[in-house]
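Written below as structure tokens is the structure these notes are about.
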Amino acid sequence: MVVAETNNEIENPLWHGEMHAIKRFFELPADQRPDVKDCLFLATHEPCSLCLSGITRSGFDNFYFLFSHEDSRDSFAIPYDIQILKAVYATPDPEIGTVSPDRPLYNATNQYWTSHNIARMIAGLDRDHRETLLARFDDVNALYADLSAEYQKDKGNKGIPLA
Ligand SMILES: [Zn+2]
């Protein structure tokens with residue numbers, strides 16, 4: 001592991017976990033950090049629009065995440081990622097004048113990177129591997145849910161916009 005970071009929105013609303021990790025990565029001396037193309041970028045939550053751009057601009061060609069945007073909205077009280085992607089980036093199709101509700105929120109595979117949803121990767125495995133990793137995923141999910149509840153409880157009076 002080269003860098004492990006966490007959300008630091010109390011210091012700066014732009015320091016989402018991914019952005020903070022990218023900041024710390026590039027603070028390492030250039031001759032002491034690997035090429036971004038040799039790195040796996042792991043995020044707890046599917047990156048938001050800010051972090052998608054940060055990953056793109058930093059040159060990473062992949063990212064892996066545990067919780068989808070829908071999980072973030074439904075299980076972790078983070079509705080803004082989907083709301084911002086829809087409000088800012090989902091331009092209406094000029095042919096029909098509306099945005100299809102089934103339209104993906106971003107291109108999961110594009111010229112810059114490939115997005116990997118770990119839960120979907122696990123679902124595609126054979127039964128033995130799937131069951132082993134699902135049990136692990138459930139453990140991580142339970143632990144993370146506790147941490148998230150603590151964060152949600154604590155952030156309330158810190159004045160962080162859209163956190
Ligand atoms: Zn983000």
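The values are calculated or read from the model by the stated rules, or taken from the named source; none is laboratory data. Predicted, not measured: the structure shown is a model, and the values here were computed from it. Don't worry about glycine lacking a Cβ; one is built from the backbone with ideal geometry, like all the others, and counts go over all protein chains shown. Each accessible area value is taken on the protein alone, full model and side chains, heavy atoms only, with ligands, DNA and RNA left out. Shrake-Rupley method; radii C 1.70, N 1.55, O 1.52, S 1.80 Å.
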* Select from region 70-97 the residues that are among the acidic types (Asp, Glu) and either open to solvent by 80 Å² or more (accessible area, probe 1.4 Å) or modelled with pLDDT of 90 or more (or both) and list them in ascending order. => Glu70, Asp71, Asp74, Asp81, Glu95
* Asked: Looking at (1) more than 10 Å from the ligand (Cβ to nearest atom); (2) open to solvent by less than 60 Å² (accessible area, probe 1.4 Å); (3) touching a Lys or Arg at 6+ places or on another chain (Cβ under 9 Å); (4) not aromatic (Phe, Trp, Tyr), which is the only condition Glu9 fails?
  -> (1)
* Would you pick out the residues in region 56-83 that are of a type in the set (Lys, Arg) and closer than 19 Å to Asn110 by Cα? -> Arg57
* Asked: Regarding Cys39, is this residue within 13 Å of the ligand (Cβ to nearest atom), crowded, with 16+ Cβ neighbours inside 10 Å and among the hydrophobic types (A, V, I, L, M, F, W, C)?
  -> no
* To do: Take region 42-52 and flag every residue that is more than 20 Å from Ala119 (Cα to Cα) and open to solvent by 20 Å² or more (accessible area, probe 1.4 Å).
  => Leu50
* Structure fact -> The condition of being closer than 27 Å to Asp139 by Cβ and hydrophobic (A, V, I, L, M, F, W, C) holds, among Phe25, Phe65, only for Phe65
